[in-house]
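Report on the structure given below.
The values are calculated or read from the model by the stated rules, or taken from the named source; none is laboratory data. Remember, it's a predicted structure, so these values are computed and weren't measured experimentally. Note that each Cβ is placed from the backbone with ideal geometry, even for glycine, and that neighbours are counted across all protein chains shown. What goes into the accessible areas is simple: the full protein's heavy atoms, side chains included, and nothing from ligands, DNA or RNA. Shrake-Rupley method; radii C 1.70, N 1.55, O 1.52, S 1.80 Å.
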Amino acid sequence: MSDIWIMRIGHRPERDKRVTTHVALSSRALGARGIYVDTLDEKLEENVRSVVDRFGGDYQIKTGVRWQSAVRNFSGKVVHLTMYGERVDEALPKIPRDEDIMIIVGAEKVPREVYERADFNVSVGNQPHSEIAALAIFLDRFTEGKALYSERHGKLTVVPNERGKTVVENPE
């Protein structure tokens with residue numbers, strides 16, 4: 001499978017810091033390669049890089065990226081998650097798995113131009129709900145669940161168990 005990138009539009013650092021952090025962490029856990037955020041937010045970059053450093057992987061974050069230039073310079077297909085799009089189950093077979101994709105996730109009402117520039121406008125349900133949930137459902141279905149338990153090598157490893165929390169420090 002090719003690389004998956006996220007483009008977060010409308011991030012407001014004073015209001016959206018937790019939600020955008022969760023968009024980044026969910027996309028990382030579910031197979032994305034990295035995230036672009038339209039608003040410069042060095043604290044967000046620091047927080048996400050800290051998770052990548054501790055738990056591993058090759059996830060990238062860059063803030064202060066205009067969505068127009070990100071989309072224009074992207075060589076793969078652009079998927080816009082919106083409750084007004086084509087149903088996810090109908091859209092998925094049309095989205096190529098052998099090309100990079102950029103998934104646009106809005107924090108607020110996105111400009112009409114996003115709908116026009118996207119190769120696919122995809123809905124995960126047609127009721128208002130969380131963009132984190134929509135992204136997670138889309139990524140899990142797009143990757144067929146393969147990314148969920150993929151190995152990432154960082155300073156820490158979570159060891160699954162029925163009860164309790166086991167975190168192991170990895171040798172450097």
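Can you give the accessible area per residue of the range 1-91, in Å², using a 1.4 Å probe?
Ligands and nucleic acids excluded, the result is 50 Å² per residue.
With a cut-off of at most 16 other beta carbons within 10 Å, and DSSP calling the residue loop, which trypsin sites (Lys or Arg not before Pro) in the range 98-172 qualify? Please list them.
Lys109, Lys146, Arg152, Lys155, Arg163, Lys165
State log₁₀ I(q)/I(0) for the range 14-67 at q = 0.15, 0.26, 0.27 Å⁻¹ as given by the Debye formula over alpha-carbon point scatterers of equal weight, solvent excluded.
For the range 14-67 at q = 0.15, 0.26, 0.27 Å⁻¹, log10 I(q)/I(0) is -0.35, -1.07, -1.15.
Let's test the formula: R0 of 22 Å, r as the Cβ-Cβ distance of Arg54 and Glu99. What FRET efficiency results, to the nearest 0.05? Each step should come with its number before you reach the end.
On the way: r = 31 Å, r/R0 = 1.43.
The calculated FRET efficiency here is 0.10.
Quick check for the chain: number of Lys pairs with alpha-carbon distance under 29 Å, counting only pairs 8 or more apart or on different chains?
Close lysine pairs found across the chain: 24.
Given Met83, Tyr59, Pro96, which one lies farthest toward the positive end of the charge dipole of the range 40-172, if we put +1 on the Cβ of every Lys and Arg and -1 on the Cβ of every Asp and Glu?
Value: Met83.
Averaging the inverse of every distinct alpha carbon separation and then flipping it gives the Kirkwood radius. What is it for the chain, in angstrom units?
16.6
If you put +1 on each Lys and Arg Cβ and -1 on each Asp and Glu Cβ, how big is the dipole of the range 12-105 around its Cα centre, in Debye rounded to 20? Kindly include the intermediate steps, with their values, before the conclusion.
Numbers: 16 positive and 15 negative charges, 27 e Å.
Roughly 120 debye, rounded to the nearest 20.
Taking each pair of different alpha-carbon atoms in the range 86-172 once, compute 1/r for the pair, average those values, and report the inverse of that mean as the Kirkwood hydrodynamic radius in Å to one decimal.
Value: 16.0 Å, from the Cα pair sum.
To the nearest 20 Debye, how big is the dipole of the chain about its Cα centre, given +1 on the beta carbon of each Lys and Arg and -1 on that of each Asp and Glu?
Computed charge dipole of the chain: roughly 300 debye.
Any idea of Met83's accessible area? Nearest 10 Å², probe 1.4 Å.
About 60 Å², rounded to the nearest 10.
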